[in-house]
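Visitor: Take this structure, written in structure tokens, and hold onto it; I'll ask about it next.
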2 protein chains.
Amino acid sequence: MSHHHEIVEALQQIGYRLTPQRMMILDAIASGDGHTSAEEIHEAVRAAYPYLDISTVYRTLGLLKALHLVSETDLGSGHAQYELLSKGLHHHLICRECGGILDVDNSFLNPLRQAIDQEHDFHAEIEHLAIFGMCNACNANLRG
Amino acid sequence: MSHHHEIVEALQQIGYRLTPQRMMILDAIASGDGHTSAEEIHEAVRAAYPYLDISTVYRTLGLLKALHLVSETDLGSGHAQYELLSKGLHHHLICRECGGILDVDNSFLNPLRQAIDQEHDFHAEIEHLAIFGMCNACNANLRG
DNA sequence: TGTCAAGTGCAATTCTGTTGCAGAAACCAG
DNA sequence: CTGGTTTCTGCAACAGAATTGCACTTGACA
Ligand SMILES: [Mn+2]
Ligand SMILES: [Mn+2]
Ligand SMILES: [Zn+2]
Ligand SMILES: [Zn+2]
């Protein structure tokens, strides 16, 4: 099922310690269906291990972010949500009217990446983009 | 020089009241060179009018956001920065290494917008995007 | 098994942003 | 110009996500 044990072992090889907290936090992120908040991760792990502190969650997420193993994105709630990047690169369309979230294949971003690379000599790291706007249904409804 | 008086009068016509606070807040945003934080706006106006409260700044910014008159973007500092959209649509490339910020013409986003529109029937409102990555100079330095 | 740097829990704190409410003031009609 | 209505502001308290200092614990490695 989830192949995040590779991630854990990769962490160890870079020099980070393999603690039960880190494994449980990774478990929690991997077992959810994406877009998990720090608080949700905290609660999920606490169900089995009540001593886990929220600061450990944030510190672990910071580590995983720095290593580009998880994405951190605000999808409209006002706080960050986390998702394993190893599940496959993708992006999202979020309707400001109904709140609906659509998935966008990563390939849609390639033309933008290439243009930026060619015209600005800049390597864009677009890992998990939240694009806001209006979905078709809502757009139609607002006319009647 | 700054043409934000049009904005003020437009506000009035939609039914909003023309208060000195709103005018001073708009002045502050317009006279800065873009990317102003709520706290900076607050301090700038307070220099002339010490009674202005930060909540009034946030409420005004919320109004201007809802009317798509200002953009609200986190460019890496962790808090929101505001900029008049009437100054012309553009986006930014932000280097994670050196913190440098480049400007990107809005036309770079058109292919993405069109693809999203055609494939997902979704109207993307990309008004002021912050794209993180690595600039050419930093990329070269990291090899030596 | 012992050493020690890295990591954790705890509690306090920071900081951005929000909210309820009473009084002030913009707007409009007369 | 005046009075009435409604929006807006200032104030103060609050919310809640995220951070930090510090003592203690523990994973890694010899
Ligand atoms: Mn996602
Ligand atoms: Mn800008
Ligand atoms: Zn919708
Ligand atoms: Zn750079």
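Visitor: Could you grab me the full set of residues in region A:73-97 that are assigned to a strand (DSSP E or B) and within 12 Å of another protein chain (Cβ to nearest Cβ)? Step through it out loud before you land on a result.
Guide: Restricting attention to region A:73-97, the residues satisfying the condition of being assigned to a strand (DSSP E or B) are A:73, A:81-84, A:90-95.
Correct list: A:73, A:91, A:92, A:93, A:94, A:95.
Visitor: If you check residue B:72 against the conditions, is it at pLDDT 95 or above, open to solvent by 70 Å² or more (accessible area, probe 1.4 Å) and either under 30 Å from residue A:75 (Cβ atoms) or within 16 Å of ligand 1 (Cβ to nearest atom) (or both)?
Guide: Yes.
Visitor: Next question. Filter region A:52-71 down to the residues that are touching a residue at least 12 places away in the same chain (Cβ under 8 Å) and closer than 15 Å to residue A:39 by Cβ and list them by number.
Guide: Hits for region A:52-71 are A:52, A:54, A:56, A:57, A:58, A:60, A:61.
Visitor: Here is a follow-up. Is it the case that region B:57-65 has a residue that's over 27 Å from residue A:76 (Cβ atoms) and away from DNA strand D (no atom under 11 Å from the Cβ)?
Guide: no
Visitor: Next question, about the same structure. Tally up the residues in region B:115-141 that are closer than 24 Å to residue B:65 by Cα, more than 7 Å from every other protein chain (Cβ to nearest Cβ) and free of Cβ contacts under 8 Å to residues at least 12 places away in the same chain, please.
Guide: Total satisfying the criteria: 1.
Visitor: Which condition does residue A:106 not pass, out of (1) at the interface with chain B (Cβ under 7 Å from one of its Cβ atoms); (2) surrounded by 15 or more Cβ atoms within 10 Å (Cβ to Cβ); (3) polar (S, T, N, Q), if it passes all the others?
Guide: (1)
Visitor: Please give the number of the condition residue A:111 fails out of (1) over 10 Å from the mean Cα position of the chain (by Cα); (2) part of a strand (DSSP E or B); (3) surrounded by 15 or more Cβ atoms within 10 Å (Cβ to Cβ); (4) not β-branched (Val, Ile, Thr).
Guide: (2)
Visitor: Continuing with the same structure: If a residue must be of a type in the set (S, T, N, Q) and either under 19 Å from residue B:45 (Cα atoms) or outside the structural domain of residue B:84 (by TED's automatic domain parsing) (or both), how many such residues does region B:12-28 contain?
Guide: Looking only at that region, the number is 2.
Visitor: Can I ask one more? Go through region B:16-67 and tell me which helices (runs of 4 or more DSSP H), entirely inside it, have 3 or more residues that are open to solvent by less than 70 Å² (accessible area, probe 1.4 Å) and more than 24 Å from residue B:88 (Cα to Cα).
Guide: B:54-66
The values are calculated or read from the model by the stated rules, or taken from the named source; none is laboratory data. These numbers come from a predicted model, not from an experiment. Note that we place each Cβ from the backbone using ideal geometry, even for glycine, and neighbour counts take in every protein chain shown. The accessibility values were calculated without ligands, DNA or RNA, using every heavy atom of the protein model including side chains. Shrake-Rupley method; radii C 1.70, N 1.55, O 1.52, S 1.80 Å.
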